[in-house]
Protein chains: 4
Amino acid sequence: MIRWNNDYNHGAHPAILAALEQTNETGYGGYGLDEWCRKASEKIQSYLGRTDVDIHFLTGGTQANFTVISAALRPFQSVISADTGHINSHETGAVEHCGHKIHALKATDGKISAEQIRKEALLFAQSGTKEHITQPKLVYLSFPTEYGTIYSRQELTDIRSVCDEYNLYLMVDGARLGYGLGASTCDITLDDLASLTDVFYIGGTKCGALFGEAVVIRNDDLKDNFRSYIKQNGGMLAKGWLLGLQFYTLFHNDLYFRITRKADEDAMKLKAAFHAKGIPFYLENPTNQQFVLLTEEQMASLGQNHVFEYQFPVKPDRHCVRFCTSWSTKPEELDALIRHIEAL
Amino acid sequence: MIRWNNDYNHGAHPAILAALEQTNETGYGGYGLDEWCRKASEKIQSYLGRTDVDIHFLTGGTQANFTVISAALRPFQSVISADTGHINSHETGAVEHCGHKIHALKATDGKISAEQIRKEALLFAQSGTKEHITQPKLVYLSFPTEYGTIYSRQELTDIRSVCDEYNLYLMVDGARLGYGLGASTCDITLDDLASLTDVFYIGGTKCGALFGEAVVIRNDDLKDNFRSYIKQNGGMLAKGWLLGLQFYTLFHNDLYFRITRKADEDAMKLKAAFHAKGIPFYLENPTNQQFVLLTEEQMASLGQNHVFEYQFPVKPDRHCVRFCTSWSTKPEELDALIRHIEAL
Amino acid sequence: MIRWNNDYNHGAHPAILAALEQTNETGYGGYGLDEWCRKASEKIQSYLGRTDVDIHFLTGGTQANFTVISAALRPFQSVISADTGHINSHETGAVEHCGHKIHALKATDGKISAEQIRKEALLFAQSGTKEHITQPKLVYLSFPTEYGTIYSRQELTDIRSVCDEYNLYLMVDGARLGYGLGASTCDITLDDLASLTDVFYIGGTKCGALFGEAVVIRNDDLKDNFRSYIKQNGGMLAKGWLLGLQFYTLFHNDLYFRITRKADEDAMKLKAAFHAKGIPFYLENPTNQQFVLLTEEQMASLGQNHVFEYQFPVKPDRHCVRFCTSWSTKPEELDALIRHIEAL
Amino acid sequence: MIRWNNDYNHGAHPAILAALEQTNETGYGGYGLDEWCRKASEKIQSYLGRTDVDIHFLTGGTQANFTVISAALRPFQSVISADTGHINSHETGAVEHCGHKIHALKATDGKISAEQIRKEALLFAQSGTKEHITQPKLVYLSFPTEYGTIYSRQELTDIRSVCDEYNLYLMVDGARLGYGLGASTCDITLDDLASLTDVFYIGGTKCGALFGEAVVIRNDDLKDNFRSYIKQNGGMLAKGWLLGLQFYTLFHNDLYFRITRKADEDAMKLKAAFHAKGIPFYLENPTNQQFVLLTEEQMASLGQNHVFEYQFPVKPDRHCVRFCTSWSTKPEELDALIRHIEAL
């Protein structure tokens, strides 16, 4: 069985295991105050072309999301998100557990627009009884989205303008950032994200690391005491250098970008195979997650050799399922899947 | 200027002030452990025809809502509510501040249906990854709703069935309960509410009291340590007998029911006057809040003598505004308003 | 039976009931946006000799405490309090429920010293791993304390200095403020409190009102969006003018000061009677709560006619009990108690 | 420089890195639903001699602590802990951030006694106003403590009795569990802990793993929906098998016990060397953390080759510092340190 069900079913890129081996005999300072975290920060800053950002390494995405939001918001403030956003749909209410309401906007293919955000911000701005409602203060986007789509430079610029106009923070969840930046149609780069957002994170867990996310904070207001928030929310790894070392390795010689771009290319081959077969998609996207609509017969056939993730039934007689490529996809695995698609 | 903008712009029914006068020289035990709270509980229980309910007196509706929800839910559990529900739209995110997500269902005239609730409950029940989402555990309804509509016995019975099927608590916010029960089309009584719900409250603030809400808990699971929740959430009045005394007075000789039914009758006269003038309504309802669609000219004209509450613009050239009658509405005030409507 | 068990066992000063009667036919704006709240604020400001303070009216002390603390602190910040402080010992963990640790310092007669506060602040200031501990940010004092003692001007000035040195907010819980300011040994005035603290509140519930506390915010950092915090925490009374009206009445013609000073004088007569009888005290204080050490026999004897509050046993054969005078104490009640003490 | 400052300054036991290498080409299910987590659970259960425990793998100790406490307590309930307990002193108020008060009892050498716990439980049990205070519901102990001491079987049995008497949960933080069980004076075994406690965890981070703690839940009341709590609190590793694999490796062939016992033996040699030199200790303990009192001169001398952790000054002229041995201590490092001590 070959696993396509998600992009976090394999350990780590071999370069990371090698780095762990090479440093295993060395002692380091605790809690992220070590040379590898420092080096990884500098390396990432060099990609961003700026040193005015704070970079912190956390163990996972849910934690990164609620820790940033906890640090950014006061109790009466709230978050604007797509209804399909990970914080709204897959994190067991962690943001609300921290005390904050999410204004869930109806997403289109996983995305929300500047106009939708403006409309929500206006509801508050024009309210005559502001103390009876929460104040939207942070816009949360995923890049790529949970449906594999990406925002264009223009879309992000428009959203940034609305954020500036209504004094909102812009946060980007980049759990799959590499797959977004690596997409053939992507017209932004890593440093653009630092310029356009107040805070974002670079996903490691799904992009070649054993685990870990690098939170990049540009807005000075969000930098203050961030390490206290990490510790209080349980995200401070005792052996923090394990995270720094992984990110240093990923950003050495563009490894992060190479392995995720390759996964996107694999996904496009997969997409082409389904297309060639006339199999419809739930939506089209240029990244590593592909949402196809299979019949039960097709599911049964492919399911003999491949693991994919069931999403939901689609009338009248199809089912949306997800196939993910990743940094760990092997050529022979892709070939096998394509052959099986062709044989449907 | 005559105030129709809300139903909480006057002090209290004279009987309540009289009761305060008569007891002012007497000393009582603190924190709701006094004879008036006991008597008021017994009086309300006699209306319910049952003694197996716990009754607590809190100072206001927002507090009653989040205190009950805090007590009822564990951290990973969530609330199902109409999007127009008070907890979702007018309480500054108090429920989320307590850590709980609200599943806001699209309301129709302020109401949600058993079918909508079942659908939401099913999303969780059928989920294969329950630990990644919150568990809906409590259904919150308002009776009457924020738009003055009321649920029928059949609708409540259907909702109760869904709650039983999916093991959900049913909570009714009765901030305006009297106006709901007093409606000519209402086919339930106070004791029905105790039977159909796990917990509900009888609004005092908007129904003749200076302030206060009586929380009625039927489900034994929700009774445990409720006084600790009241105290922790700031809702335990030191001079608790002030609340007990007010509710005793309101439920003595049906006062509560008489004054709210009268307000509904006044509202129907008001409605008839607008109808007679051909003025449209945002929606039709049988209770004390009437939502009419006025032109700017009509607003200006009525605004010379009357205060009403602006809601929102309605295309192309009308505005939804709210007129509330209440226990404090005087015949001459109603006459004046009707005359001004007729003169439009 | 005459109640001395606490200072909140009677309704309100007659002037307050009269004011409620006089305004009962008038309609007012909701949620504290009304003329009585405005007038009461201006009246209190005139006593403070300054208009640069925001004044908000809340329903009770627990609520005032946690609402102010919620508004003042970020999640990683904590409170310094006497271990006997009300927030630490009688509010069901409401401050921790809001997410904040209390550093409980060992009190002496209910008080903590500038030196103790400095020592606690230093623990953080000198810590090399600040992100692993909470940052003390607010000092909470009660005036008078839960044991009826009061801080001198010098003590408060010293505490203020420490607060300035370590960038701490100073908050005073004035649930019994009148009884503190009315004490014969008190060397501060109401306006001193506004100058020395960042925020404090003037207790109404225990000082002549039916209920209510007036929160006075001097520090601009704490003013921002405070009404949102009140609403979110359930402390915003729909009929807010009921609070404004009560405080206006209390501060009209010094009523607040006269009735609480009188209660202190009564307490001193009570104290003298116990002293004359050679009955020891748990501690000496100049305010309305007196903590005496009675034998079981004395408790039984006085208990025939008087209600007092049991505190705890004191070795070898005595029991600490509390007698409270208040604004509602009648001369004949005091006489009766003194006669009974003399007859012990 | 040789690091003795803590027991988490090296990566992982080589067997763990080898296991990561061997499994790196294999795909696994996510979020702890995989064969390694299952195998590790079974392996640990075999050590416990029981299968009626749930075992979950979390990324770190702070997270394990507040996640368990969040799951165990209702909002009005609180925790009893030593004042030196990790949750009270080194976790940035994470427990209070989750809404729960900690009753911090004065520790003796890091430990609290059954008698102290009973006294605290009695305060609540005997209170006449329980709704005004929090209900202690969980006792938190560290084994070994933050000062390296361990509870005897008798002490734990006594504490268990108090917990049974007052209906309290008993939780043991075993971040350094191996070092406690490996102590020459330890008279309990791993399975005793499962019998004596309601929940405890087996520390991996400080005992040979890269990271991770295994939470063992015996009490059925605490098992319910625990995975939801893990996810909501950010502790659910996407690649959960990385944790299962590490614990499987540690519990294969007693590795966990062998490497921690060895570290304790090393610590005893270290202790003997200081003793032989007449250097006093802050306290005596049988585990891997040794707290010695050095002069400034001795600190300077040892500091040339060794890193140790400064604790606090001790009058008149000494300083408490911590030396930790660990699973990663090498014989030549220990020899070097002992030689340098002898040369002081």
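Tabulated data
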| item | result |
| --- | --- |
| Residue within the stretch D:39-46 that is crowded, with 24+ Cβ neighbours inside 10 Å, at pLDDT 95 or above and not aromatic (Phe, Trp, Tyr) present | yes |
| Failed item, numbered, when C:Ala272 is tested on (1) within 18 Å of C:Glu309 (Cβ to Cβ); (2) surrounded by fewer than 18 Cβ atoms within 10 Å (Cβ to Cβ) | (1) |
| Out of A:Ser195, A:Ser228, sole residue that is of a type in the set (Gly, Ala, Ser) and out of contact with any helix residue (DSSP H, G or I) (no Cβ under 6 Å at 6 or more places or on another chain) | A:Ser195 |
| Among the candidates A:Leu283, A:Leu293, A:Leu270, residue that is more than 14 Å from chain D (Cβ to nearest Cβ), touching a strand residue (DSSP E or B) at 6+ places or on another chain (Cβ under 7 Å) and in a loop (DSSP other than H, G, I, E, B) | A:Leu283 |
| In the stretch A:101-131, the residues that are touching a helix residue (DSSP H, G or I) at 6+ places or on another chain (Cβ under 6 Å) and within 14 Å of chain C (Cβ to nearest Cβ) | A:Lys101, A:Glu131 |
| Residues located in the stretch B:183-239, provided they are of a type in the set (Asp, Glu) and within 14 Å of another protein chain (Cβ to nearest Cβ) | B:Glu213, B:Asp221, B:Asp224 |
| Residue match in the stretch C:241-259 (condition: free of Cβ contacts under 8 Å to residues at least 60 places away in the same chain, surrounded by fewer than 15 Cβ atoms within 10 Å (Cβ to Cβ) and touching a Leu at 6+ places or on another chain (Cβ under 7 Å)) | no |
| Looking only at the stretch D:284-339, and only at residues there that are acidic (Asp, Glu) and surrounded by fewer than 14 Cβ atoms within 10 Å (Cβ to Cβ), the one that is modelled with the lowest pLDDT | D:Asp317 |
| First in the stretch D:311-322 and under 13 Å from D:Phe281 (Cβ atoms) and free of Cβ contacts under 8 Å to residues at least 60 places away in the same chain, second anywhere and among the charged types (D, E, K, R) and assigned to a strand (DSSP E or B), Cβ under 8 Å, 6 or more apart | D:Gln311/D:Arg322; D:Val321/D:Glu309 |
| Residue match in the stretch B:192-203 (condition: in contact with a strand residue (DSSP E or B) (Cβ under 9 Å, 6 or more places away or on another chain) and under 23 Å from B:Met268 (Cα atoms)) | yes |
| Entirely in the stretch C:164-233, the helices (runs of 4 or more DSSP H) that have 2 or more residues that are buried (at least 24 other Cβ atoms within 10 Å of the Cβ) and not hydrophobic (A, V, I, L, M, F, W, C) | C:177-181, C:226-232 |
| Filter pass, C:Val199 being modelled with pLDDT of 95 or more, of a type in the set (Val, Ile, Thr) and outside the structural domain of C:Arg74 (by TED's automatic domain parsing) | no |
| Selected residue (criterion: nearest to the chain's Cα centre (by Cα)) from residues of the stretch B:115-133 that are surrounded by 16 or more Cβ atoms within 10 Å (Cβ to Cβ) and either under 20 Å from D:Gly234 (Cα atoms) or among the hydrophobic types (A, V, I, L, M, F, W, C) (or both) | B:Ile117 |
| Yes/no for A:Thr260 being of a type in the set (S, T, N, Q) and in contact with a helix residue (DSSP H, G or I) (Cβ under 6 Å, 6 or more places away or on another chain) | yes |
| C:Asn233 vs. criteria within 24 Å of B:Ala94 (Cβ to Cβ) and in contact (Cβ under 8 Å) with a residue 12 or more places away in the chain | yes |
| Candidate set from the stretch C:1-22 (those that are more than 23 Å from the chain's Cα centre (by Cα) and surrounded by fewer than 17 Cβ atoms within 10 Å (Cβ to Cβ)); member that is modelled with the lowest pLDDT | C:Met1 |
| Subset of the stretch C:91-113 [at positive phi and touching a Pro at 6+ places or on another chain (Cβ under 7 Å)] | C:Gly99 |
| Test set (1) of a type in the set (A, V, I, L, M, F, W, C); (2) outside any loop (DSSP other than H, G, I, E, B); (3) more than 8 Å from every other protein chain (Cβ to nearest Cβ) - B:Leu20 fails condition number | (3) |
| Residue satisfying condition, being within 14 Å of another protein chain (Cβ to nearest Cβ), out of contact with any Ser or Thr (no Cβ under 7 Å at 6 or more places or on another chain), part of a helix (DSSP H, G or I) and not β-branched (Val, Ile, Thr), within set B:Leu245, B:Leu337 | B:Leu337 |
| Positions within the stretch C:48-87 being within 15 Å of the chain's Cα centre (by Cα) and surrounded by fewer than 22 Cβ atoms within 10 Å (Cβ to Cβ), in sequence order | C:Thr84, C:His86 |
| Residue within the stretch C:33-47 that is at the interface with chain B (Cβ under 8 Å from one of its Cβ atoms) and either more than 18 Å from the chain's Cα centre (by Cα) or part of a loop (DSSP other than H, G, I, E, B) (or both) present | no |
| Options C:Ala94, C:Ala72, C:Ala82, C:Ala104; residue that is over 20 Å from D:Asn88 (Cα atoms) and modelled with pLDDT of 95 or more | C:Ala72 |
| Flag for B:Phe281 being under 30 Å from B:Tyr151 (Cα atoms), in contact with a helix residue (DSSP H, G or I) (Cβ under 8 Å, 6 or more places away or on another chain) and of a type in the set (Phe, Trp, Tyr) | yes |
| Residue check, A:Ile80 β-branched (Val, Ile, Thr) and touching a residue at least 24 places away in the same chain (Cβ under 8 Å) | yes |
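The rows are residues; the columns are (1) farther than 23 Å from B:Gly29 by Cβ; (2) not polar (S, T, N, Q).
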site	(1), (2)
C:Asn285	yes, no
C:Phe291	no, yes
C:Glu297	yes, yes
C:Asn305	no, no
C:Val314	yes, yes
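This table checks each residue for (1) outside the structural domain of D:Gln232 (by TED's automatic domain parsing); (2) farther than 22 Å from C:Ser78 by Cβ; (3) small (Gly, Ala, Ser).
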{"site": "D:Gly99", "(1), (2), (3)": "no, no, yes"}
{"site": "D:Ile102", "(1), (2), (3)": "no, no, no"}
{"site": "D:Arg118", "(1), (2), (3)": "no, yes, no"}
{"site": "D:Leu122", "(1), (2), (3)": "no, yes, no"}
{"site": "D:Lys130", "(1), (2), (3)": "no, yes, no"}
{"site": "D:Val139", "(1), (2), (3)": "no, yes, no"}
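The values are calculated or read from the model by the stated rules, or taken from the named source; none is laboratory data. Nothing here was measured: the structure is a model prediction, and the numbers come from that model. With ideal geometry, Cβ positions are generated from the backbone for all residues, glycine too; neighbour counts draw on all protein chains shown.
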